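J.: Here's a structure for you.
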Amino acid sequence: MKSIYEDEYDALSQMIANSDKSAKELAVYLFPHMKVESGHARLRACLNPEKDERLTFGQIIAAMRFCGKFDPLMYACDETLHARPDRKAAEDQAARIAETIDSATATLNTALKALAQLQARGGIRAVA
């Protein structure tokens, strides 16, 4: 990964160049509704600062995921004077999600027990 990018177009170009995906493959991924050559031409136009076409923010994120390279993110961090982030391990993310689910499940179980106790005391009728 480059330490300094000339501009956003350089970051996008480096993302593609440093990945194992070709520009054509990325074009097919980003523009599945277009013919291969048309999509490729559109991507080339989006990567050319002298053209009017641009990738959307969502398309840039999709491109980074598809390519497995994050040069545009690093460029954005540099331009906004933010520290470049460390990549999270998928296992850490999965563990965090599992903890959230466990916590939500515990809260739901506590609420269901409280509701059952209230119903048992005749405080309310069954709730659908």
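The values are calculated or read from the model by the stated rules, or taken from the named source; none is laboratory data. Please read these numbers as outputs of a predicted model, since none were measured by experiment. Note that we place each Cβ from the backbone using ideal geometry, even for glycine, and neighbour counts take in every protein chain shown. All accessible areas refer to the heavy atoms of the entire protein, side chains included, with ligands and DNA or RNA removed. Shrake-Rupley method; radii C 1.70, N 1.55, O 1.52, S 1.80 Å.
J.: Could you list all residues from region 18-29 that are part of a helix (DSSP H, G or I) and either within 23 Å of Glu79 (Cβ to Cβ) or open to solvent by 80 Å² or more (accessible area, probe 1.4 Å) (or both)?
T.: Matches in region 18-29: Lys24, Glu25, Leu26, Tyr29.
J.: Among (1) open to solvent by less than 70 Å² (accessible area, probe 1.4 Å); (2) out of contact with any helix residue (DSSP H, G or I) (no Cβ under 9 Å at 6 or more places or on another chain); (3) among the acidic types (Asp, Glu), where does Asp71 come up short?
T.: For Asp71, the failing item is (2).
J.: Identify all residues within region 1-17 that are closer than 12 Å to Met74 by Cα and touching a residue at least 40 places away in the same chain (Cβ under 8 Å); write none if there are none.
T.: Matches in region 1-17: Met1, Lys2, Ile4, Tyr5, Asp7, Glu8, Asp10, Ala11, Leu12, Gln14, Met15.
J.: Given the criteria in a loop (DSSP other than H, G, I, E, B), hydroxyl-bearing (Ser, Thr, Tyr) and loosely packed, with under 14 Cβ neighbours inside 10 Å, does Ser3 qualify? Quick ask: steps written out before the conclusion?
T.: Values: in a loop (DSSP other than H, G, I, E, B): yes; hydroxyl-bearing (Ser, Thr, Tyr): yes; loosely packed, with under 14 Cβ neighbours inside 10 Å: yes.
So Ser3 passes the test.
J.: Ala94: among the aliphatic types (A, V, I, L, M) and modelled with pLDDT of 90 or more, yes or no? Spell out the reasoning first.
T.: On the way: among the aliphatic types (A, V, I, L, M): yes; modelled with pLDDT of 90 or more: no.
Considered against the rule, which asks whether it is among the aliphatic types (A, V, I, L, M) and modelled with pLDDT of 90 or more, Ala94 comes out as no.
J.: Here's a follow-up. Listed residues Ala94, Ala45, Ala116, Ala89; which is out of contact with any Leu (no Cβ under 7 Å at 6 or more places or on another chain) and within 20 Å of Glu8 (Cα to Cα)?
T.: None of the others qualify; the one that does is Ala45.
J.: Can you run down the residue pairs with Cβ atoms below 9 Å, 6 or more apart or on separate chains, where the first is in region 42-53 and without any contact (Cβ under 8 Å) to a residue 24 or more places away in the chain and of a type in the set (Lys, Arg) and the partner is assigned to a helix (DSSP H, G or I) and open to solvent by less than 70 Å² (accessible area, probe 1.4 Å)?
T.: Arg42/Ala27; Arg42/Leu30; Arg44/Ala23; Arg44/Ala27; Lys51/Ala45
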